[in-house]
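Reviewing the structure listed below.
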Amino acid sequence: MSSILAAKAEWEDITIPYPLSNQQSCGERVEDPFRRYGDAVACLEWDDHCTIGKIETLNPRSGGATSLLLYLKSLALKHDFLLFGNPVVYPPATSFPATSLLSQEELESWFARLGFLVHRRSKGVPDAWYPRPGD
């Protein structure tokens, strides 16, 4: 089994399916294949690296999303793959008071504090990856 497939299997063994329905800008509802890890959920894509499509907390500011991201980082180091994402704020599937959610700046800072390299592309869209080049 390849390293990335082993990491995906480990992720699926420790998490449970947690599909969430999101409304698209066109009004259509789409179900995202989130998986739950503690008090947070993530929608991941696996190929030669792991892409964090979406990450949401189930209990704002409880540390659940941080624990999930730390676990993904441990998998990336253990199985030697790149963890990639676009830290962009989006309306979560579950409703929370606006004051409990991170702003764009706070989200990018959160990724950076957790060891991700956060960079803005020429069109202003942020990218984040771990491990940092040279780690």
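Structure values in brief
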{"read-out": "Test: residue in the range 83-93 that is more than 16 Å from F111 (Cβ to Cβ) and within 13 Å of the chain's Cα centre (by Cα)", "value": "yes"}
{"read-out": "Looking only at the range 95-111, and only at residues there that are surrounded by 14 or more Cβ atoms within 10 Å (Cβ to Cβ) and hydrophobic (A, V, I, L, M, F, W, C), the one that is modelled with the lowest pLDDT", "value": "F96"}
{"read-out": "Options S74, S3: the member that is exposed (fewer than 14 other Cβ atoms within 10 Å of the Cβ) and either over 17 Å from P131 (Cβ atoms) or over 14 Å from the mean Cα position of the chain (by Cα) (or both)", "value": "S3"}
{"read-out": "Hits in the range 6-58 (condition: more than 14 Å from the chain's Cα centre (by Cα), in a strand (DSSP E or B) and modelled with pLDDT under 95)", "value": "L20, S21, N22, Q23, R29, V30, E31"}
{"read-out": "Per-region count, the range 46-57, residues surrounded by 18 or more Cβ atoms within 10 Å (Cβ to Cβ) and within 18 Å of L20 (Cβ to Cβ)", "value": "5"}
{"read-out": "Residue check, F81 assigned to a helix (DSSP H, G or I), of a type in the set (F, W, Y) and modelled with pLDDT of 90 or more", "value": "no"}
{"read-out": "Members of the range 45-74 that are of a type in the set (G, A, S) and at negative phi", "value": "G53, S62, G64, A65, S67, S74"}
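The values are calculated or read from the model by the stated rules, or taken from the named source; none is laboratory data. Model, not experiment: these values are computed from the prediction. So basically every Cβ, Gly included, is an ideal-geometry build from the backbone, and we count neighbours across all protein chains shown.
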